[in-house]
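The structure appears below as structure tokens.
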Amino acid sequence: MRIGKKLLLSFLFITIMVGVVGYISVSISKKTLQKTLGKEALHLAISSMREIDEEVYDKIEELLAFANDLSLEGYCIASNSKFDKITDIKNHIDTIDKDWQEGKDTPFIQSILGNKLSKRLTNHLEFYMQKYGYAVFSEIYVANKYGVVIGATNRTSDYLQADEDWYKKAVAENAFWVGAVEYDASSNAITFDIVVNLYDKSGNSVGILKAPLNTEDIRKSIEHIYSESEYKSVSPYLVDKNGRVIFSKLNPELKKLGRDVKLEEYGYDISFRKPVAEVLKGNNGFLSNRTEHKELLTVFSHSHALRDFKGLEWSLIIDYEAEEVFRSTVKLRNVLIIVFVTLIAIASLAGRFIARSISRPLIQLRDASIDLGKGNLNARVDIHSKDEIGQLSVAFNKMVADLKEKEDRLQAYSQELDTKVRERTQELLITNEQLCESVNKYRTLIEQIPAIVYIAALDERGRTFYISPQIKSVTGFSPEEWLADPALWSKQIHPDDRKRVLAEYESSFGKGHPFRSEYRWFTRDGQTLWCYDDATIVKDSTGKPLFYQGVVFDITEHKLASEEIYLMQTLTLAISASVNLHDALVIALQKICNLSGWVYGEAWLPNPDGTFLERNHNFYSSLDNCKIFTERSGEMTFPPGAGLPGRAWSTKQPVWVEDVTLDRNYQRAPIAKEAGLKTGVAFPVITDNDVIAVVVFYHRTLEKRNERLVKLILTILSHVGSIIKRKQAEDSLKRNEARLADSQRIAHLGNWEWDIRKNKVWWSDETYRIFDLTPDEFGGSQEAFLNAVHPADREFVIESLDKALNGQIPYNNEYRIIRPDGSVCIAHSRGEVVYDDTGMPIHIKGTVQDITEHKRIEAEQEKLREQLLRSQNLASVGKLAGGIAHNFNNLLTVIMGYASILKTEMKKDDSLNGYAQKIMNASQIAAHLVQGLLAFSRKQPANPQPVNLNGIIRETESLLLKLIREDIRLETALTNEDCTVMADVGQLEQVLMNLATNARDAMPEGGNLVISTDIFDMDNAFIKAHGYGKTGRYVLVSFSDTGVGMDENTRMRIFEPFFTTKEVGKGTGLGLASVYGIVKQCHGYIDVDSAAGKGATFRIYLPLIESGVSGEKADTEPVLKGGTETILIAEDEEDVRSLMTLVLERNGYEVLETEDGENAINTFLQNKDNITLLVFDIIMPKKNGKEAYEAIKKIKPGVKVLFMSGYGDDVISTADIHKSGYNYITKPVSPIGLLKKVREILDK
């Protein structure tokens, strides 16, 4: 094809490509625009949908807050209580519901619509109207758990809501329920119901709150989408979960559901559209779709959950008309078509013109090139244009001229080269003759040198051209053998050295450097020699390398001597670093075996008595079958002269046995033979003419005695002995110094010296530790020492030193030190003065000891002694209280009983009635005194059970408020953690009241009383600091008042019985004593912090247990009544027994009485069929109450029993009354209390 046509086609192709690129650009622009619109519109849809969700959820949260603020559950609970009392509740509700639906205005209906709840609901509805400017909720009403309206902003359609579908769905939800969108005729608005479930504190449903939400804000959000869009064709649709239209652009006004409306109107189902079908699946996205008339670009977004709101399940669809969106790209496409047609026309004309201007000169160039190819170097082209073709023709003509010139020069150079080759050949012949003459000239001289002279090639293997005859005396190979095998040199190099040596050789001749190297050679018979190879490169007169000429020296002897010296040096350093004789011998065995090539080495040491040698350690074995030899050798011992070790030990000389398997004096011959050992050598290790060890070496082959080796090893072992001796002395010194340092550190005892003339002070390490200083921080002078002494003690220390220096008294004092961190420690220092010949003090040395801990322990011991004395005093009083309590209780039982009977026998207007009441009151006071004594002595009967201490405090708080005055403010700060303890509820209440009473009396002018609880972990540090306690977790109860406080003497005696600071007649002194006893009875601890004028804080620590709080409540006291049953009384106190008989018989009972346990058993045997109840004192003569009951129970297992006692809890616990669950009553007991307990037991 001619170039003209090619150019034309090229222009057309380029034009077409421009058109294609334009079309692709338009398509890409269209897709990019569509993609950009999709992203932006999808973001708009998602953000708009989220905005709608948040608007709805905000209204729900406001409604939830509204429900909580009004405490609607209270109204519902009150209404439910009324409805619970209605017998026929269904008929009642149906009647009201009928009147409600018929529009009747009954008083009951008026009471609902006009009650307080309805008014508050109406006020809140008006609040929303004022806040948002429109009716946010069309109505609000509340229904109870029966589903009936109990309050509303306006009259609802029905009174009964429970039969509605929305009600059933709402109550099935947990917190709230959102209904479907509907048209609300009353407000002419689209709304959806929000129902909030109401619960009581136990989580039970008590009613609902319903409010239809107006969708005005949602409509505004939809209008905002198309009002703010740059596209006029944008059409948003908000649809519900069924695909029904809620809002749209073309008809944003709300229309009543059910009318025959168009596509864009409310309620129309558009779920058939593909975007709607996608979004109803819960998807967000963007797609292109077509309706009957136009192409649309649609984005869609689905409602999503928001916090605890699962969402409205609505969807937002936004349509954009593709025609409007792509209008700009269509314009661009039309412009590109016009440009494309114009370019085709221009390209056709330009191509034809250019083709004609190029083809003619190219034909001339083609013809000239053909002539040049045929060898015509005179071919030329005649083109004179200034374009690229003209430049090409000039270059062609120049190229032809250059070719002709180079052809001429090549012919001249060929002739010159032939001349030079002939001359160089003649020079080489002359050089070869000179080389032969030189070799012959120096051959005799070389063969006399005591070294191997060689000439080798400059190649990788070092081929040998010449080697002197000395090679045979050194290696055993003749020069002929060496020259016959070019690789013999490299093969005889030791394998461990071969790679290195060949690399050095190749590198040397490659760089033109001399070759120098030390390496090992193998001789013909396998011996190893060390050699030093030194070769230089021989060059010709022009500097060209020809070959290596070198000398090899045998340096084996020199190498061995160097290794022996190095061995001695390393061995000396290694042994010097070893910690004991054992490690030193291990090192010696290792080094000697590596030097001599022995296959096995062992060491033998004298036993402590010096009677025999025992094996210490075997270092080396190159044989696998030496295990048995090693084990058996370790079991053997050698006396002097026995075996190899014993002979070397006794003679103090080395013993060389050429074959141990044949030696009669070698006891291990069989196992040595089995191990393959032959020659054995033993060397003594001698220091100060004493053999401290014997080392033995073995070889697998028969070895003749080598004196050089023997001498070397003896020299090595001599050094080993000297080093070991020095090491032993150094180790002994270090151990002594370490013991001294440890002793000083453990005892906190340092030593010091003061050079008086130079004023230089030296301290030991422990002294620096005591003063917490470093040598750099300490100035090293007497002034620096005094600066570390406490300022208050400094003068005393200076005075003590002066007296010691003057010889008046020894230096021995205690003083305080201030450390750099500000801490203070107590030091005890002693010193001794050194005098010169004239009697002048020149030196003082002494010790210093940190006695801070010792002083602290002394203080703690003093504190413990005080606490022990206090505890012993309190224990003595407790024993006295427990001892007299029984007698007092019996007396009080009689006094209280007869006073009660006397009062019941008198008429109410009898003047003696008041006296009887005073006797009873005084008896009650006396009873409380006795209980206080028992509580202090921890013998008060108790019924411990798991109780929540916070609950006890809350229940007692109202009682405490009555106990204290109005000018005292009571505050409680109780922890939220579980505070369960094992205690008697009554006793804890007694503790709280006693402490409150004490605080009240301490604040005569009013103040604050704070009761707080917390969880406290009692550890060893606390116990050590306070002198009491046991590790574990405790409930801490704190009573803090702002009263007058107390001094230390009062604080120490505060818990003593009968100790009081109050005026006579205003306090018994048993309140805090009983508190102390109850706390101890609960296995707890009590302490008080106070100071005069600063109030007081009582802290009680009670052991924390796992929660298991008893929920039992005391039953209501039964009505007092008598009976006709037969009761057997056993009581050793006659007055008490008579009183109880009188009380029971006056109330109809038949009573049998005895004075001890044995008579009780006999009386029961005589009346066992009639006796229903046993009333036994626990402590009685002959048999106690428990023993008598056990005997009677065997006769009549079902018999009931009531135990009683005036003793403390220690006696009752011994009888195991509480743990066995028996009925029990304490003395003193009133007649009424006795009758109630008896009737209670009989009625069980």
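One table, with the values for the structure above:
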| read-out | value |
| --- | --- |
| Inter-site label distance for T1050 and S1038 at 7 Å from Cα along Cβ, in nm | 2.2 |
| Net lengthening on full extension, D402/K539 (0.36 nm per residue, minus Cα-Cα) | 45.0 nm |
| Where chymotrypsin sites (Phe, Trp or Tyr not before Pro) fall in DSSP loop in the stretch 61-157, at most 14 other Cβ within 10 Å | Y134 |
| Count of lysine pairs in the stretch 1126-1242 with Cα separation under 16 Å (8 or more residues apart, or interchain) | 14 |
| Spatially proximal aspartates and glutamates relative to K145 (Cα-Cα < 13 Å; intrachain offsets below 8 disregarded) | E73, D84, D163, D200 |
| Efficiency of FRET from Cβ geometry, T570 and H513, R₀ 25 Å, rounded to 0.05 | 0.15 |
| Gain in span if fully extended, R969 to I363, counting 0.36 nm per residue against the direct Cα distance | 205.7 nm |
| Ordering of 114-121, 583-590 by burial proxy (mean other Cβ atoms within 10 Å per residue, highest first) | 583-590, 114-121 |
| Candidates per GluC sites (Glu not before Pro) in the stretch 598-687, loop by DSSP, up to 15 other Cβ within 10 Å | E635, E658 |
| Using a Förster distance of 56 Å, the FRET efficiency for L702-V834 (Cβ separation, nearest 0.05) | 0.20 |
| Förster-model FRET efficiency, 22 Å R0, T87 and A172, C-beta, rounded to 0.05 | 0.15 |
| Potential lengthening between H719 and F272 on full extension [0.36 nm per residue; Cα-Cα distance subtracted] | 150.2 nm |
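Quick note: the coordinates plus some simple rules give every number you see, no bench work behind them. Please read these numbers as outputs of a predicted model, since none were measured by experiment. In this analysis, Cβ positions are derived from the backbone assuming ideal geometry, glycine residues included, and neighbour counts consider all displayed protein chains.
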